[in-house]
Every structure is written in structure tokens, then in C-alpha cells.
Amino acid sequence: MAQVNAVITGIGAFLPEYRLTNDELSKMVDTNDEWIMTRVGIKERRILKEEGEGASYMGVKAIENLCEKTGLKKEEIDLVICTTVTPDAPIPSTAAIIADKADIRNALAFDVNGACSGFLYGLDMATQYIKAGSKKKVVVVSTEKMSSIVDWTDRTTCVLFGDAATAVLVEPTEENIGVIDTNLHTDGIGRHWLKIVAGGSVKPASYETIDNHEHFVYQDGKQVFKYAVTRMADVTVETMERNGLKVEDVAWLVPHQANLRIIAATAERMGVDSSKVMINIEKYGNTTSATIPLCLYEWEKQLKKGDNLLLSAFGAGFTWGSIYVKWGYNTK
Ligand code: UT7
């Protein structure tokens, strides 16, 4: 029997209309455009303003965009993997809500929380299901309403994040393209430096947790930066080496968009020229698990079948990793 690979065959996205600029943020907290641009590299981020709507709303829109672009029919989808750190609610899963709202009736659907590495975790799972032969049309939907968990009085975090959703279709192929190697990791050592303290089973919501702002993202930026900058670079270089990829073989580095300095360090360690690095952090900030597929969505027309892509991420947990993808299609 021929070897079955898993290949990305389409990408959809949804971006909320509202653009929150650095200038507007500097009226809310003690910050400024110069600090944000030089330390992080963000100019603006999108914010979902629709009252009463959350991750599922954006996820459904991204899937609809995917179906429109690819001709994918809802009834063909047999697996929905939702990557998010901002579920609509703890139960039911956001994947179940998305499947219902999008009228996807024949699919297994569940959530995965790999934080900023969530898309890589989701793509890896999609690949395993496809290689095992049990699923054929898998949608990895990455949807993050980061504005709902950001403390808008904390300048150290509120400038960093944005809202977005993407939907990626993964299918089987017998060609030598698609997901070639996945190199993913988790180390709970990072759990103290990037977290939400309350709202779970250890510290359920109370008046006190609300007064203490414990339902918002807390980050010790310096500590996270230290690990991110080495681990994202190390794992990507390791993936290159174990697949015999030289720098000239790499068409694109597709990095998680948390900080321009982390991206630059990764590219430098790989020896990859900045012209081969997808960067859109300036427009969207850190959209957690949506950053990497959002880059693919924006660069889709420039990608050619057979291009070697290295996807690379680091996030809360810590979670980190890289995936080597041989791109599967040319866009007409
Ligand atoms: O995506 C998931 C993984 N997350 C990451 O990879 C993020 C990793 N961390 C980072 O990217 C960076 O650490 C940050 C962008 C979060 C912060 O940059 P930094 O260069 O590490 O700044 P810092 O935390 O060391 O703060 C430097 C100074 C401090 O002032 P003092 O103590 O030197 O007087 C901060 O209070 O900058 C101050 N500061 C700000 N100033 C203006 C912190 N936030 C702001 C702000 N505007 N928004």
C-alpha cells in the first residue's frame, strides 16, 4: 500500500474589523508607539467588538471562508480540531459549538489547548488521524478572542495580543508532500510565568479573584522571552538538521508572532534571510494559536507546491515545536 501523507489543501480566516492602534492604547495605559514597536513590533491589533460573541463566532466565520474558497462541503468534514485558549465556556467544547453553528453534523469535534503552539499541536493530531486512515477531511480551526482575557489596565500584557480565527483543511495524499516531520514539546516548568490564576478547578471564580484581576493573563515577560528565544530557535534548527535541510532548501520560515526579536533570533540561528520569514505581527499582534495559519493565509498566493516550510512556535506551558511542511498546492 502506498504511503499516506497529510497535506494542507486550503486556508480560511476571519479578522474582526476593529483595529486597536498603539496611539489608542497609549490613552488607556502608560505606553507609547515607540516602546511597543521597538520592544515587540506591533502597530495595531484586531478586536472583536460584537456584543455577546466569542471564539466560536470567529471560528465559524473562518470555516465559512474556507468552504467558500475550497468548495469544501460541511457534510464532508469528518473531524474538527479547535485550538483555543479562549473557549466560549469551559463546557461544552468550542469545537462542539462551532460544529453546531456551522451545521457540521458528521464530524468528531474536540478542543486542544497548546496555547501559542496550539496550531502545531492541532496539525500534528490531524496528521496522525489521516495517516491512521480514520479521517479524510480534517479542519483545524484556531480561534482566539484574546481581548476577553487581557487585563486592559496592565500595560505589560494588554499591548501584546489580538483577536483572530483561521481554519485549515488537512487531507490525505499519496504524493510526497504535506506534513513531513513534527517535532513538538511540552515542559511544565513554564507554568508559573505565563498563566491565568483563577477560574479553574483550583481557584474557582469568587469576588476576591475578580477584585485581584486573577481571571486575566499574567506573564513574566522576561522569563518567557528567555526560554522562547532559545527553544524556538533550537527546535527549528534541529528539525532542519534531522531532515537534512540546508538553509537554501528552506522557502519560508513561518514563526509564531509573539515578538519580532524572538522571530529575528530564530531566523538568525537558522541562517535564513529575513525575506524568507513570514511576519505580520505589526498588523495583528499575538493571536496565540492563530498566528501561524494567519501567516499561511496571507502568504498563500506566494506559496508553490513543493516549497519547504518550517513552522515554528513557543507558548504557555511551556509548549514549543516546529513542523516541516512541503507545501501542497499552487493558488490559481
Ligand atoms: O506568545 C506566547 C509566548 N510569549 C512570548 O513569547 C513573550 C515573551 N516576552 C516578550 O516578548 C517580552 O518580554 C515583552 C514584550 C513581554 C516585554 O519586553 P521586555 O523587553 O522583556 O520588557 P521588560 O518586561 O523587561 O520591561 C522593560 C521596561 C520595564 O520598565 P522598567 O522596570 O525598566 O522601568 C517595564 O515596566 O518596560 C516597561 N514596560 C512598558 N513600557 C511602556 C512594560 N510594558 C510596557 C509598555 N509600555 N507596554
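The values are calculated or read from the model by the stated rules, or taken from the named source; none is laboratory data. Keep in mind it's a predicted model, so treat the numbers as computed, not measured. A quick note on method: Cβ atoms are made from the backbone with ideal geometry, for glycine too, and the neighbour counts reach across all protein chains shown. Ligands, DNA and RNA are stripped out before the accessible areas are found, and what is left, the full protein with its side chains, is counted by its heavy atoms. Shrake-Rupley method; radii C 1.70, N 1.55, O 1.52, S 1.80 Å.
Just the residues that are within 13 Å of THR86 (Cβ to Cβ) and open to solvent by 40 Å² or more (accessible area, probe 1.4 Å), please, taken from segment 97-119.
Across segment 97-119, the qualifying residues are ASP111, ASN113.
Tell me yes or no: at least one residue of segment 25-38 is more than 13 Å from the ligand (Cβ to nearest atom) and under 22 Å from the mean Cα position of the chain (by Cα).
Scanning segment 25-38, I find no residue that is more than 13 Å from the ligand (Cβ to nearest atom) and under 22 Å from the mean Cα position of the chain (by Cα), so the answer is no.
Criterion first (within 14 Å of the ligand (Cβ to nearest atom) and surrounded by fewer than 20 Cβ atoms within 10 Å (Cβ to Cβ)) does ASP78 satisfy it?
no
Any chance segment 275-283 includes a residue that's part of a loop (DSSP other than H, G, I, E, B), more than 15 Å from the ligand (Cβ to nearest atom) and over 15 Å from the mean Cα position of the chain (by Cα)?
Scanning segment 275-283, I find no residue that is part of a loop (DSSP other than H, G, I, E, B), more than 15 Å from the ligand (Cβ to nearest atom) and over 15 Å from the mean Cα position of the chain (by Cα), so the answer is no.
Are any residues in segment 122-174 open to solvent by 10 Å² or more (accessible area, probe 1.4 Å) and touching a Cys at 6+ places or on another chain (Cβ under 7 Å), and if so, which ones?
ASP151, TRP152
Mind listing whichever residues of segment 217-252 are in contact with a strand residue (DSSP E or B) (Cβ under 7 Å, 6 or more places away or on another chain), among the hydrophobic types (A, V, I, L, M, F, W, C) and within 16 Å of the ligand (Cβ to nearest atom)?
Scanning segment 217-252 gives VAL217, VAL224, ALA228, MET232, VAL235.
Taking into account only those residues within segment 207-227 that are β-branched (Val, Ile, Thr) and in a helix (DSSP H, G or I), which is nearest to ARG39 (Cα to Cα)?
Of everything passing the filter in segment 207-227, VAL224 is nearest to ARG39 (Cα to Cα).
Only one of (1) in a helix (DSSP H, G or I); (2) more than 20 Å from the chain's Cα centre (by Cα); (3) surrounded by fewer than 18 Cβ atoms within 10 Å (Cβ to Cβ) fails for GLU300. Which number is that?
Here GLU300 clears every test but (2).
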